[in-house]
Amino acid sequence: MAAEAIKELEDFLELVSRHERKIRDLLERSYLTEQEIRFILDHTLVIPGNGDGL
């Protein structure tokens, strides 16, 4: 049971990490300055939704 909970937590954290990388990639392709990108990333909370496969 504990191993299953750990696996679910690892899966969740991997999903959050993928979303964070996607957000960063999109921001880096924008015309924003590095300071603006950093501000957005510092103030963004990634919460996977129901359609994210968890």
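The values are calculated or read from the model by the stated rules, or taken from the named source; none is laboratory data. Worth saying up front: this structure is predicted, and the values here are computed from it rather than measured. Here the Cβ is made from the backbone with ideal geometry for all residues, glycine too, and neighbour counts use every protein chain on show. When the accessible area is computed, the model is the full protein with side chains, heavy atoms only, and any ligands, DNA or RNA have been set aside. Shrake-Rupley method; radii C 1.70, N 1.55, O 1.52, S 1.80 Å.
Distance in nm between label sites at ILE23 and PHE39, each 7 Å beyond Cα in the beta-carbon direction?
1.6
Can you match Kirkwood radius over Cα pairs in Å to one of these, [x] 12.3; [y] 15.1; [z] 12.7, based on a calculation from the structure here?
Derived directly from the coordinates: [z].
With every protein chain kept in place and ligands, DNA and RNA left out, what is the accessible area per residue of the chain? Probe 1.4 Å, answer in Å².
Working: 4770 Å² over 54 residues.
It amounts to 88 Å² per residue over the chain.
About the Cα centre of the chain, what is the dipole size in debye to 20, counting +1 per Lys and Arg Cβ and -1 per Asp and Glu Cβ, all else neutral? Show your work: numbers first, answer last.
Details: 7 positive and 12 negative charges, 37 e Å.
Charge dipole of the chain: 180 debye, to the nearest 20.
Among ILE37, MET1, PRO48, which residue has its Cα furthest toward the positive end of the charge dipole of the chain, with +1 on Lys/Arg Cβ and -1 on Asp/Glu Cβ?
Final value for the positive-end residue is ILE37.
For the chain, which whole-number percentage of the solvent-accessible area (1.4 Å probe, protein heavy atoms only) is attributable to carbon and sulfur atoms?
Working: 2740 of 4770 Å².
Carbon plus sulfur share of accessible area: 57 percent.
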